[in-house]
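The values are calculated or read from the model by the stated rules, or taken from the named source; none is laboratory data. Please read all numbers here as calculations on a predicted model, not as lab measurements. Counting neighbours? That spans all protein chains shown, and the Cβs are built from the backbone with ideal geometry, glycine included. Just so you know, the surface numbers come from the protein's heavy atoms only, side chains and all, with ligands and any DNA or RNA stripped out. Shrake-Rupley method; radii C 1.70, N 1.55, O 1.52, S 1.80 Å.
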Amino acid sequence: VQLIGGMVLHRGAIAEMAPAAVARASLVRVAHAAEDARSLARAVSVLGPDASLRLAARLAGLEPADALLAADALSDGGVLMSKRPLSFVHPLVKSAISLDTPVGERAQLHRHAAQLLSEEGADPVQVGAHLLACEPAADPEVVQLLRRAAREAIARGVPESAVGFLRRALDEPVALAARAELLGELGRSELVARDPAAIEHLGEAIELTDDAQQRLALTCSLAEVLSFAGRLREAHALMSRAIEELGDPDDALLVRLETARAHTGWGWSDPEHAARERLPRLQALAKRTGPAGRELLIYVGLKLMVAGETPQEGVALVRRGLDDGRFIEDETSDAVGAVQAVAILAFHDELAEAERHIEHMLDDARRRGSVMGYAGGLGWRAFSALRRGSIPSAEADAGRALDLIEEHELHFAAPFALEFLVEALLERGQLEDCEAALARVPLEPFAGTLPGAYLLEARSRLLLAQGRPHDAIADLRQAGEILQAIGIENPNVKAWRSTLALALPAAASESHKLIEAELDRAQQARQARGLGVALRAKGLLTGGEAGISLLQDASRTLAECPSRLEQARTLTELGAALRRANRRADAREPLRQAVELAQRCGATVLAHRALDELKATGARPRSLLRSGIDALTPTERRISAMAAQGLSNPEIAQALFLARKTVENHLSNAYQKLDIQSRDQLPRVLSDAAA
């Protein structure tokens, strides 16, 4: 091919040339070209791939006919492809021309490109990308275009791009009022992106804002950021001051502020916040403000649920607040109320209902690109899986949630995901992995808070599994003190008393007092799981025939709830007690059921213990399965399930925030373990395993 300037080079050789050689060759060709061709080449390098000849001509300042001749010359010279729209023969050619364009001229070209694209109604994000490459010039239009690009980026679920656009907009000299608006928009975008810089930017926006309504809105956003940074007391003090300074607001504003204060106060033992006498007033406010009061209604339901006196009333309020899914639709999965609502439903053992709303949260988070919503949904899906007795699924979801929480500094949520992960790992006997997981989240920042209680309980479980009851008892006592101070008395939420009672020395009178206290609260709450766990603990403490009778009552009670894992534990204890009472024949059936249930749950440690007890009765059971679906890792199982539902590899990768290659590798490993050749066989294999 004859190049401009007399050089000869075959196009096919371009890809094989070293980058420096490609750059030199392209620059020589363009340098020797006519002025129109040089201008067009630079315009195309600015516009990016698939630039239209018409737009490139306008950017280069050429008449259409002159641009056509220049494009032909560049094509003949091996710089541009001959097809339309315009594109370079190789990315390195574009890079070479871009680098050769003076910085100032290139910035001007990007500004002009943004103007042209805006005039033609192009994608605001595309316009914003050009403006990022411009030098600040005190141009109000640039600020407006960047704000428009940021709003579009938020709508598309890419808050990180919105943050970039708004930070660039702040580089433009603007009036204080406009700067306050910009900082507010930036802080809210950083809130969605979970960028800790939101604290600084929202605080500055509050200082610069004169409008009272806007200040309150920014204060609510700042309180939310502080909460997720684990700075609950600061957030609560901020909202309390805002309400006091406001005086006597109308209901529409008051419900918003009280909701924000409720979220910041929940999770630590503030006496004023925890006062039960405030709940009727908050409930009345929530009900008379309609949709605006839904999140406050969920909060009141949460307080009633965890107190354990009227949990059914609390769940009814939560359902009203969820509004048949409209709450998540309107307020998104980022709303604190969304997480509280699904947690309450799961605590009430309404697992199917909780999981339906969790999937709604995850769908919303995927669509908007919200890490916070996605991590929250994953964490509470893990909890629901634990309650249901699906240990591998719980491990996969909790592990992925913890990774996202750490990566994006969602500090407040870390202890919850960690406890769910530790519980799943303990059921599989992975004590070293538990230790490593616990080391990832320090206890000190959460001292005296609900997240701290979750961390203490997680650590106590590991200590008990390691045979260190003395240390575990200290952690359980501390966790119990926090839970009581917050007002969590419902054993279906936290059954710390029975765990502590069984950890204490067998002759300790305190053990029986703890069990009686938990049993009283469980009977008041009238929830099958909490009552069954309390009955099981009392049966273990009582021993003898009376203990066996209590264990039988516990098994019958737990049969009324969906927790297969708790039923498997109870059947194991019942069978073991019958064996110790020399009733071996009676022991075999509950132990057989326990082995089967524990295996189906993926609870390896419990399954082995039940099997050993069964063998001790003289039975000759089969060994535990070690192949097929049980050989899958939690992530392999999750990905296989999604593939069986018809999702493509890219869809799975996007849904799980994984690389496409990672999904392909997990599926390949799963096929080998399941002895199948394709994803078409997955539905049958997984269905057979679940049967």
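Cβ separations smaller than 8 Å between residues 6+ apart or across chains give the following pairs from the range 449-475 residues that are among the charged types (D, E, K, R) to residues that are in a loop (DSSP other than H, G, I, E, B): 457/494; 459/443.
Considering only residues in the range 299-335 that are farther than 28 Å from residue 519 by Cβ and β-branched (Val, Ile, Thr), the one that is surrounded by the most Cβ atoms within 10 Å (Cβ to Cβ) turns out to be 328.
Residue 642 fulfils the conditions (1) under 26 Å from residue 369 (Cβ atoms); (2) assigned to a helix (DSSP H, G or I); (3) free of Cβ contacts under 8 Å to residues at least 12 places away in the same chain except for a single criterion, (3).
Before we move on, is residue 400 open to solvent by 30 Å² or more (accessible area, probe 1.4 Å), in contact with a Ser or Thr (Cβ under 9 Å, 6 or more places away or on another chain) and farther than 23 Å from residue 228 by Cα? Considered against the rule, which asks whether it is open to solvent by 30 Å² or more (accessible area, probe 1.4 Å), in contact with a Ser or Thr (Cβ under 9 Å, 6 or more places away or on another chain) and farther than 23 Å from residue 228 by Cα, residue 400 comes out as no. In the range 409-422, the residues that are over 17 Å from residue 263 (Cβ atoms) and free of Cβ contacts under 8 Å to residues at least 60 places away in the same chain form Cβ pairs under 6 Å with partners that are part of a helix (DSSP H, G or I) and aromatic (Phe, Trp, Tyr), at six or more places apart or across chains, as follows: 419/454; 420/383. If you go through the range 224-265 and keep only what is assigned to a helix (DSSP H, G or I), of a type in the set (A, V, I, L, M) and at pLDDT below 80, you end up with 232, 246. Close contacts from the range 73-94, counting a first residue that is open to solvent by 60 Å² or more (accessible area, probe 1.4 Å) and a second that is outside any helix (DSSP H, G or I), with Cβ to Cβ under 6 Å and a gap of 6+ residues or different chains, come to 81/87; 81/89; 94/88. Scanning the range 155-176 for residues that are assigned to a helix (DSSP H, G or I), in contact with a Ser or Thr (Cβ under 8 Å, 6 or more places away or on another chain) and either on the phi > 0 side of the Ramachandran plot or free of Cβ contacts under 8 Å to residues at least 60 places away in the same chain (or both) gives 162, 163, 166.
For the range 636-662, a residue qualifies if it is of a type in the set (A, V, I, L, M) and within 19 Å of the chain's Cα centre (by Cα), and the qualifying residues are 639, 642, 652, 653, 655, 656, 658, 659.
Applying the criterion of being of a type outside the set (Lys, Arg) and farther than 25 Å from residue 232 by Cα to the residues of the range 285-298, the residue that is most open to solvent (accessible area, probe 1.4 Å) is 291.
Scanning the range 535-587 for residues that are more than 27 Å from residue 385 (Cα to Cα), β-branched (Val, Ile, Thr) and open to solvent by less than 30 Å² (accessible area, probe 1.4 Å) yields one hit, 548. When the range 319-367 is limited to residues that are of a type in the set (Val, Ile, Thr) and in a helix (DSSP H, G or I), the one that is farthest from residue 655 (Cα to Cα) turns out to be 344. Just the residues that are closer than 16 Å to residue 94 by Cβ and either outside any helix (DSSP H, G or I) or in contact with a helix residue (DSSP H, G or I) (Cβ under 7 Å, 6 or more places away or on another chain) (or both), please, taken from the range 56-79. The answer is 56, 59, 60, 71, 74, 77, 78, 79. Tallying residues that are open to solvent by 10 Å² or more (accessible area, probe 1.4 Å) and among the hydrophobic types (A, V, I, L, M, F, W, C) within the range 588-610 yields 4.
When each of 150, 180 is tested for being open to solvent by less than 20 Å² (accessible area, probe 1.4 Å), more than 24 Å from residue 56 (Cα to Cα) and under 29 Å from the mean Cα position of the chain (by Cα), the lone residue that passes is 150.
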